[in-house]
Each structure stands twice: as structure tokens, then as C-alpha cells.
Amino acid sequence: MSSHAPITKSEADQASAVTTSLCLVIVRYTRPEMGAVWTDERRLGAWLEVELAALDAHVELGVVPADDAAAIRAGARVDVARAKEIEERTHHDVIAFTETVAEQVGPPARWFHYGLTSSDVVDTGLALQLRDSGAILLQGVAAARTAVLARALEHRATPCMGRTHGVHAEPTTFGLKLLGWVFELDRAQARLTAAIDGVSVGKLSGAVGAYGNIDPQVEDKVLAQLGLDVEPASTQVVSRDRHAAYLATIAITGSSLDRFATELRHLQRSEVRETEEPFGKGQKGSSAMPHKKNPITCERISGLARVLRGNAVVGFEDVPLWHERDISHSSAERVVLADSSILLDYMLAKFTWVMEGLVVRSERMSQNLDASQGLPFSGRVLLALVEAGLSREDAYVIVQRNAMQAWETGEHLRDLVLADPDASSLDVAIIDEAFSLDQVLSRAEVPFGRLGA
């Protein structure tokens, strides 16, 4: 699905089809490619990849007859519906899976799942899903970065008001504001890469990690074939600090998108009106107020980021399992790993779409710069008085006194300072330079020079 436009009906239909085998993920936020990673078909398909790789390893080691292995490989297929039927009786999803294969293959199936415990298959298969999911997320981060960088370069010299505490502070450029987002997405990409590497780990070490029923060579061969790293010392499961890091990284990335979206939401307020997220033909903002154009996509990003942060907490809670393993993590992971991956994928796509179509009102930015009676230049006036020989304390009193008057009366700070006898040491040229927008922004290009690094 393209990230460059709203979700179309046909794309929504695709997402709906993909998620028919998903138990908990909301179709509304599921894009087809990511949704396909988290279907029951893909989950059992990953298990089958692990089982067949283990079968190959056992053949190579002379444990399993090659003819039986060939029969299993030829006959074994994923059958989600049948596996669910059997699970109703067994209450064990892996046994249900192996029984479906036994039905398909017949006597050679005695070698299927040979020497393995359930978590050998489940955790290693999960690593394949997480690796695929992570690759899609990295593509999404890269697309978002490209979109933000393009707008940052477009507006690198577009002056706008910088705000702290929601109050006018000093001038900046809109491009510089966006450039910070570019570097933040770079950090997101680095964190995601590390987190994906962390979960791209499998284990085939038996019920307590001591290789009681399986040759360690099988583990080495299987994971090499699947392109996964080996958990160096596993219990019955891969350690869940890895998955907690994955969920935490997704939550941090979502929080970055929340920060960006929150800024755009503020800038779209009627009193500010410096940017607007795209508003399509035929779109309606309110059932009661036809004039409304609301930042609904950015608001949606902010809302979903809250879900990601909550899911990260679940990841932390899944780390302390009992002894070599319990299954308190299993039910929770079925929800949060899929949901967090799917939601971040959706959020990245929507944010990319917002940035590509963002309406930037540079003329309104100029109006807002002029709306504070020169107050955003108070720091430069302070420095000019210090350079003229006043102490910083005395200079601060003079500038603050005139700034407060400007706030109350609407007079321009420049005129008030020029009329103040305590600031008589400043001539008009120095005052004009202090209020020069070009001067205050003369070094705003410096951070752009760090892009190459």
C-alpha cells in the first residue's frame, strides 16, 4: 500500500482480507503488507520453516532417513482451519500443528518435530516474523525521513516564530524546525535496527536450554539456514528482554511521531494557522460546522502513540518469567507484538502522507513574527546594551521594563527602547541591527551542514 495517499477502498478491502485470520488487530489500521506478517497462515508457515530446517539438519547428521524427510517436505502444508479444530481438543497450538502435518504425511511424520520442544519452534518462528516486520518498519522510517528532509530543505530559509512554553521566543526557520525531526528519525532508524537485530534470534536447545534431546549442531545448522543468530544461553525460551527492547523502540518511535504531529496540530490552530495537514476533495471536517478543517490525521497519530507506549509496558512485564519458563508472556505477546508493529507501520505511512502534502503558509509565519511588537528580539537588544557598557543586570532591567510595556500597550519594542533615556548609549544603527531578522537567523544554516555527518 502506498504511503503517499489516504487508504482507498480497495486497499481497505485488502487489509480486511489479510486480517480475517488475525484475532485482535484492528482492520482499520492494518496495511496489507504488514498485516500479512501477523496472520495465522504466516505464523504456522514460520513454524513449518523451522521444522523443515530441523529435519534437514537431522538428515545431514544421519539421524533421519532422507526418504522420510523428503516425504514430509513434499506433504506438509499449513492448514490453519484444521489446526484450529485440533486445538479445540488438545488446547495446545503446537501439538495441533504437528498433528495436522501427521495427518497429511502419514508414518514418516514420526520424524517431524523430532527432539524439539514447542518453544524451539514458536520462538524461532516468531523471530522470522519480527525480522520481516522490522524490515517493513525500517522502510517506513526511511520514507518518513525522506519526506521530512524534502520539506526541511524546501523551507530552510523560511522564517517563522520559535516558541517555548507556547509563547513567542525567538525567530527560527521552519526548515530548521523540521531538520530536528530528520535527525530524530535517524536515531529511530538506528534504534530499530538494533532492536530488530536483537529479536532476530532463535533457539533449538530443548525444554530447559540444556540440549537434553537435541544435538547443538542442529541448532547451529537451522539458524544458519534461516539467517538468525543463536541465543547464546537460552532457557526454554529466548530471553524476553529482547522483545521488550523491540516494543520499547516502537513506542519511542511512535512518541517521536506524536511529537511531530502535536507540533503540526498546534500550528494548525486558527490563531496560528501556519501549517495545515492535507484536506482532500470531498472531505468533511464536522457534521455541524461546514467550515472546519481539523488535523485529524495528526490527532490519530497522537492517539495511537499512547497505545504503543502502553504496549511497551506489557513488554517489560513479560521479561521476568518463572525459572526456565512460564507462559504468562505468551498471551500478551500475541496481542502487543502484532498490534505495535501494525500500528507503527500505519502511523509512519500516515505521517509521511501528511508531510508530503503539508500546506505551509509562509506569509502567515511572517505575520506571526511581526505580531509580537519586536519582543522576540529582546535578547539581541540585551546583548547590544551589554556591548555598549552596561552590566547584564542593568541591561536586563531596561529591556524587560520596555518589553512589559510593549506587551501591555502594543507599542513596538524598538520604539520604546529608542525612547528610553537609560538606553541612550545605543544609536539607531545598533538598534536596527538588533532587530534584523537576517542577523538573528544568520547562523540557522549551521545544523544543515551536519546532514552529511
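The values are calculated or read from the model by the stated rules, or taken from the named source; none is laboratory data. Since we're looking at a predicted model, the values are computed, not measured. Note: ideal-geometry Cβ built from the backbone for every residue, glycine included; neighbour counts use all protein chains shown.
If we scan segment 43-60, do we find a residue that is free of Cβ contacts under 8 Å to residues at least 12 places away in the same chain and in a helix (DSSP H, G or I)? Scanning segment 43-60, I find at least one residue that is free of Cβ contacts under 8 Å to residues at least 12 places away in the same chain and in a helix (DSSP H, G or I), so the answer is yes.
Here is a list: 380, 361. Which entry is touching a residue at least 60 places away in the same chain (Cβ under 8 Å) and in the same structural domain as residue 149 (by TED's automatic domain parsing)?
361
For residue 408, the conditions (1) over 39 Å from the mean Cα position of the chain (by Cα); (2) at pLDDT 95 or above; (3) of a type in the set (Asp, Glu) are fulfilled apart from (2).
Let's see how each residue does on (1) outside the structural domain of residue 260 (by TED's automatic domain parsing); (2) part of a loop (DSSP other than H, G, I, E, B); (3) within 16 Å of residue 259 (Cβ to Cβ):
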{"position": "305", "(1), (2), (3)": "no, no, yes"}
{"position": "308", "(1), (2), (3)": "no, no, yes"}
{"position": "311", "(1), (2), (3)": "no, no, no"}
{"position": "314", "(1), (2), (3)": "no, no, no"}
{"position": "323", "(1), (2), (3)": "no, yes, no"}
{"position": "332", "(1), (2), (3)": "no, no, no"}
{"position": "335", "(1), (2), (3)": "no, no, no"}
{"position": "341", "(1), (2), (3)": "no, no, no"}
{"position": "347", "(1), (2), (3)": "no, no, yes"}
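The sole residue among 440, 417, 399 that is in contact with a Phe, Trp or Tyr (Cβ under 8 Å, 6 or more places away or on another chain) and buried (at least 16 other Cβ atoms within 10 Å of the Cβ) is 440. Of the residues making up segment 262-279, not a single one is farther than 30 Å from residue 163 by Cβ and in a helix (DSSP H, G or I). Please determine whether any residue of segment 300-318 is at pLDDT 95 or above and closer than 30 Å to residue 210 by Cβ. No, every residue in segment 300-318 fails to be at pLDDT 95 or above and closer than 30 Å to residue 210 by Cβ.
Could you list, in sequence order, the residues of segment 23-42 that are among the hydroxyl-bearing types (Ser, Thr, Tyr), in contact (Cβ under 8 Å) with a residue 40 or more places away in the chain and outside any helix (DSSP H, G or I)?
Answer for segment 23-42, where residues must be among the hydroxyl-bearing types (Ser, Thr, Tyr), in contact (Cβ under 8 Å) with a residue 40 or more places away in the chain and outside any helix (DSSP H, G or I): just 30.
Evaluate the following for residue 223: is it crowded, with 23+ Cβ neighbours inside 10 Å, modelled with pLDDT of 95 or more, under 23 Å from the mean Cα position of the chain (by Cα) and assigned to a helix (DSSP H, G or I)? Break it down into steps so the answer makes sense when it comes.
Working: crowded, with 23+ Cβ neighbours inside 10 Å: yes; modelled with pLDDT of 95 or more: yes; under 23 Å from the mean Cα position of the chain (by Cα): no; assigned to a helix (DSSP H, G or I): yes.
For residue 223, the condition - crowded, with 23+ Cβ neighbours inside 10 Å, modelled with pLDDT of 95 or more, under 23 Å from the mean Cα position of the chain (by Cα) and assigned to a helix (DSSP H, G or I) - is not met.
Each residue in segment 249-270 was checked for being at pLDDT below 95 and surrounded by fewer than 19 Cβ atoms within 10 Å (Cβ to Cβ), and 2 of them qualify.
When segment 52-84 is filtered for residues that are under 16 Å from residue 96 (Cβ atoms) and in contact with a Gly (Cβ under 9 Å, 6 or more places away or on another chain), only 78 remains.
Condition check ((1) more than 23 Å from the chain's Cα centre (by Cα); (2) on the phi > 0 side of the Ramachandran plot; (3) crowded, with 17+ Cβ neighbours inside 10 Å) across all residues:
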residue	(1), (2), (3)
311	no, no, yes
317	no, no, no
327	yes, no, no
340	no, no, yes
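For residue 162, only one of the following conditions fails: (1) buried (at least 23 other Cβ atoms within 10 Å of the Cβ); (2) part of a strand (DSSP E or B); (3) at pLDDT below 95. What is its number? Looking at each condition in turn, residue 162 falls short on (1). Looking only at residues that are surrounded by 17 or more Cβ atoms within 10 Å (Cβ to Cβ) and of a type in the set (Val, Ile, Thr) in segment 26-45, which one is nearest to residue 301 (Cα to Cα)? Among those that are surrounded by 17 or more Cβ atoms within 10 Å (Cβ to Cβ) and of a type in the set (Val, Ile, Thr), it is 30. Among the residues of segment 61-84, those that are exposed (fewer than 14 other Cβ atoms within 10 Å of the Cβ), in a helix (DSSP H, G or I) and in contact with a helix residue (DSSP H, G or I) (Cβ under 9 Å, 6 or more places away or on another chain) comprise 66, 67, 70, 74.
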